[in-house]
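One structure is given here, and the rest of the page talks about it.
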Number of protein chains: 2
Amino acid sequence: MLKRVFAADLGTYIDTDVLVKGWARFVRNTKSTTFIVLQDCSGTVQLVGPADLPVHVKREDALEIVGRVRKDQRAARGFEVDIIDIRVVGHSAESLPFLSRSDLTDIGLETVLDYRPLALRTDRGGTIFRVEAALVEGFRSALRRRRFTEIFSSKIVSEGTEGGANLFPIRYFQRVAYLAQSPQFYKEHGVVGLERVFETGHVYRAEPHATSRHLTEYYSLDFEMGFINGPEDIIAVEREILTEMFGNVRQEFGEQLGQFDAYLPSMLNVPIWTFDECLDRLKRADAPCDLVDDLTPEAERQLCTMAEKEAGVSAIFVVGFPLSARPFYTFPRSDGRTAAGFDLLFRGVEITTGGQRLHSRRDLEHALCQRGVDPHAFEPHLRMFDFGMPPHGGLAIGAERITTQVLGLRNVREATLYPRDVQRMSP
Amino acid sequence: MLKRVFAADLGTYIDTDVLVKGWARFVRNTKSTTFIVLQDCSGTVQLVGPADLPVHVKREDALEIVGRVRKDQRAARGFEVDIIDIRVVGHSAESLPFLSRSDLTDIGLETVLDYRPLALRTDRGGTIFRVEAALVEGFRSALRRRRFTEIFSSKIVSEGTEGGANLFPIRYFQRVAYLAQSPQFYKEHGVVGLERVFETGHVYRAEPHATSRHLTEYYSLDFEMGFINGPEDIIAVEREILTEMFGNVRQEFGEQLGQFDAYLPSMLNVPIWTFDECLDRLKRADAPCDLVDDLTPEAERQLCTMAEKEAGVSAIFVVGFPLSARPFYTFPRSDGRTAAGFDLLFRGVEITTGGQRLHSRRDLEHALCQRGVDPHAFEPHLRMFDFGMPPHGGLAIGAERITTQVLGLRNVREATLYPRDVQRMSP
């Protein structure tokens, strides 16, 4: 039996019989000839057969074809495949909401989400998720090169890490557990044990927002490292790894990026502005800034525009948020009032929160008491600080958000295979 | 300021001042000298200082040390570091349940789990999780080389994929959702869109088992591919990728594997036996086999012993399980009675379930009806079969189980950072 050859590899099989498999992206019949553009996981190829094929073929059918590769200067890739035998191994429906060659920007988001697999077969839909996978893998490999170890921590937890009421309860046998808001505690345990750890996995926020940037379940790219001097060490790592991740995507997807408003800059010179400096800048620009402890979406957009003008990159590390607005485990700056943490705004949207964490058990107990929480509830976590916990910190990047911002999409759901929000829990 | 140098890299810094950071794995004072073995994420190094160090240092303290690397033939690595300055940046408790140089096999499993980060700092504990990370990454990269795309599918679902009552309910705003038992449906959607997909992520089974091989939350290595001829195509891919994954681990962890009863064979010649043939063999060996639709743990052990004798590898692909014992989406073999699926038994334990799936909507609707389920409940899933679904199949490997079997551990919890079972949901 013939071995299956991928569309992308056919150029080395001129004048050879091959077996190709994929979907009919395009079918055209003339009086004498049938043209089929076949799409598989590697790309597309044009096939040519007689007008009277042994089977009826329509667009989006799954096909297996035996053919012979023939040089043809007129063909886009310099060759075509002459059909010798053809089978339909998966029939498509007569009526479909859109097709693999449709322009996804013309299709409503709800339709795209209800027919996600078909959207994946379009150029735009397929590329979005291939880019997302490349960003995630770029994150992992950049950290692996820096001696980080990947961990897989539990998403079923007995208490929240971030405070607040936005937890999804699970009926765990006879008890109540929650879906993890972040792997924060487990990353810190990882630091005590392995010094440098990362995790890529889903986290959960029971927030009833219906905005273009919020999901109740998102894929979080997390790392945490020990023996830091301050949050600037975390910022330095993020500058480097984002630059590497963006470089990978530019290299791997060069041509396909043309269909997007893509932005993959070097991140090495992203400026660092304090929260107070951001407020000043917004005031001077007459921008609305009745802000106390966080930036509004509009403020984030304006600040990125300012950074692009001043520093040539539409991104800012914002440091020095009010301590009270950050989780209890946040390390304070020397003023005692602001946090040794940061957000990264990228192209108008926050895509990272990070910073230094408290590393002394006493400080953590004190911080919990100050927020009216009994430290005993956190004892299984606090115990891990008895093993010589060094100064440490880390960050989390939302995979769907960074993909959305990098490709210039309008809604984070475009970069989420099956988004979950207050409305949607299926398919 | 001096740049931090990792222990593993110190050999290239002879006669140079360096900054090293890590934990005191060992501290010994003589009349004139203090010896410290420092451990960081890269390895260990011996440091030498005067008897009267400026600070008190005890085992497991987190240290930052300025020192000078000095050649010394007597030292294990051919050099030592003379301490110039030393700071304790994280104090360990006076009393700890065990130490980083403890033999983890002497410590009870419950203690290990309650003090997981400290266990990670031991040679055995650290290596188990580094090997697990390497197996997961080996799975991903082997598939990436074969044109598979990584997907990130939702773990919040509106119905189970595997049937049965072992679902964890979530309170999802005003509705009930469930934790996903597997990414099965989403992988199949991925096949329609991208032809070849994989996912690595947590899955959930509300099974109140308290065995050494069951968890309620485990990390599942899943792939699914289109245009297959039968389950043997899936088996062929698994043989290859496991062989690559094992080869990576042998190469990366050569020395450290000595402390385990490790088993990392080539999987290319693992035999394929039918379920009926397995029952015959068990009968002939006078083994207990009152089996109807599955193998018992004892039968799995005996079959692997037989395979080792006959084929030289302690592993078997078992094919042809009764169809009724497999999920509704299972493709039947030509006899109509048995499943076109397989289990992989490895070293006495099942580590994979895989096979071919039904690819026609009509067959799926029929299979659901036969099990007394109204197909309408699955409509958002069944709709995806209208886009030209080719014959397809895939498999799932439990990451904790394969790590356990590869390293010869006694309990899957040894390879689970924070195991979840009917008893345990913290830390």
* Asked: Quick one: label points 7 angstrom along Cα→Cβ at A:Glu94, distances to the other copies in nm, smallest first?
  -> 8.5
* chain A, relative contact order in percent, only Cα pairs under 8 angstrom and at least six apart counted -> 13
* Asked: Under a plain spin-label model, where a point goes 7 Å from the Cα along Cα-to-Cβ, how far apart in nm are B:Asp286 and B:Ser324?
  -> 3.2
* Mind pulling the angle between the C-alpha long axis of helix A:275-284 and the longest principal axis of chain A? Nearest 10 degrees, somewhere in 0 to 90. => 70
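Below 14 angstrom from the Cβ of B:Leu47, what's the summed charge of the other residues (Lys, Arg +1; Asp, Glu -1)?
Details: positive: B:Lys21, B:Arg25, B:Arg28, B:Arg59, B:Arg68, B:Arg70, B:Arg77, B:Arg87; negative: B:Asp17, B:Asp40, B:Asp61, B:Glu64, B:Asp72, B:Glu80, B:Asp82, B:Asp85.
With Lys, Arg at +1 and Asp, Glu at -1, the neighbours total 0.
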* Look at the axis of the rotation that sends chain B onto chain A, then give the chain B residue with the nearest Cβ and the distance in whole Å. => B:Ile170, 3
* **Amide hydrogen neighbours beyond the local backbone of B:Met267, cut-off 5 Å, H modeled** => B:Thr243
* Structure fact -> Here the FRET efficiency for B:Ser42 versus B:Glu240, based on Cβ atoms and R0 = 35 Å and rounded to 0.05, is 0.65
* Structure fact -> Going from the fewest other Cβ atoms within 10 Å to the most, one would list B:Ser95, B:Ser158, B:Ser266 as B:Ser95, B:Ser266, B:Ser158
* To do: Based on alpha-carbon positions alone, could you give the equivalent ellipsoid semi-axes of segment B:116-415 from the gyration tensor, as √(5λ), descending, whole Å?
  => 30, 24, 19
* Structure fact -> Expected vector for segment A:150-157, Karplus 3J(HN,Hα) from phi with 6.51, -1.76, 1.60 and θ = phi - 60°, integer Hz, x for Gly and Pro, equals 6, 10, 10, 9, 5, 9, 9, 10
* Asked: What relative contact order, as a whole-number percentage, does segment A:7-90 give when Cα pairs under 8 Å and 6 or more residues apart are counted?
  -> 32
* Asked: Whose amide H sits under 5 Å from the amide H of B:Glu217, counting only residues 5 or more places off or on another chain, with H placed in the peptide plane?
  -> B:Arg205, B:Arg420
* To do: Apply the Karplus parameterisation 6.51 cos²θ - 1.76 cosθ + 1.60, with θ equal to phi minus 60°, to every residue of segment B:398-407 and state each ³J(HN,Hα) to the nearest whole Hz, in sequence, with x for glycine and proline.
  => x, 5, 5, 5, 5, 5, 4, 6, 5, 8
* Sort out for me the Cα centre separation of segment B:62-112 from segment A:283-312, rounded to whole Å. => 48
* To do: Using Cα positions and a limit of under 27 Å, work out the lysines in reach of B:Lys31, with same-chain residues fewer than 8 apart set aside.
  => B:Lys21, B:Lys58, B:Lys71
* Based on the Cα atoms of segment A:312-404, what semi-axes does the equivalent ellipsoid have, where each is the square root of 5 times one gyration tensor eigenvalue, given in whole Å with the largest first? -> 28, 15, 12
* Asked: Where both partners of a DSSP beta bridge lie in chain B, what percent of those bridges are antiparallel, to the nearest 5?
  -> 90
* Label-point separation, A:Asp85 to B:Thr30 (7 Å along Cα→Cβ), nm -> 8.1
* 3J(HN,Hα) from dihedral phi, segment A:420-425, Karplus parametrisation 6.51/-1.76/1.60, rounded to Hz, x for glycine, proline -> 10, 8, 4, 8, 10, 9
* Asked: Shortest first and in nm to one decimal, what separations exist between A:Gly78 and its copies in the other chains, measuring from label points 7 Å along the Cα-to-beta-carbon line?
  -> 5.0
* Setting aside same-chain residues fewer than 8 positions from B:Lys309, which lysines have a Cα under 23 Å from its Cα? -> B:Lys283
* Near the amide H of B:Leu358, under 5 Å away, which other amide H atoms are found, from residues 5 or more places off or on another chain, if H is placed in the peptide plane? -> B:Thr330, B:Phe331
* Give the nm distances, rounded to one decimal, from B:Asp17 to the matching residue in every other copy, measuring between label points 7 Å along Cα toward the beta carbon; shortest first. => 7.6
* To do: Please state, to two decimals, what the Cα-based radius of gyration of the protein assembly as shown comes to when divided by 2.2 N^0.38 Å (N = residues).
  => 1.00
* Asked: In segment A:339-427, which trypsin sites (Lys or Arg not before Pro) fall in coil by DSSP and have 12 or fewer other Cβ atoms within 10 Å?
  -> A:Arg371, A:Arg410
* Asked: Straight-line reach from A:Lys187: which lysines have Cα under 17 Å away, leaving out those fewer than 8 places along the same chain?
  -> A:Lys155
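What is the dipole size for the protein assembly as shown, taken about its Cα centre, with +1 at each Lys and Arg Cβ and -1 at each Asp and Glu Cβ, in debye to the nearest 20?
Using only the charged Cβ atoms, the result is roughly 620 debye.
Just so you know, all these numbers are worked out from the coordinates, no wet-lab data involved. This structure is a prediction, so every number in the text was calculated from the model and none was measured. Neighbour counts run over all protein chains shown; Cβ positions are idealised from the backbone, glycine included.
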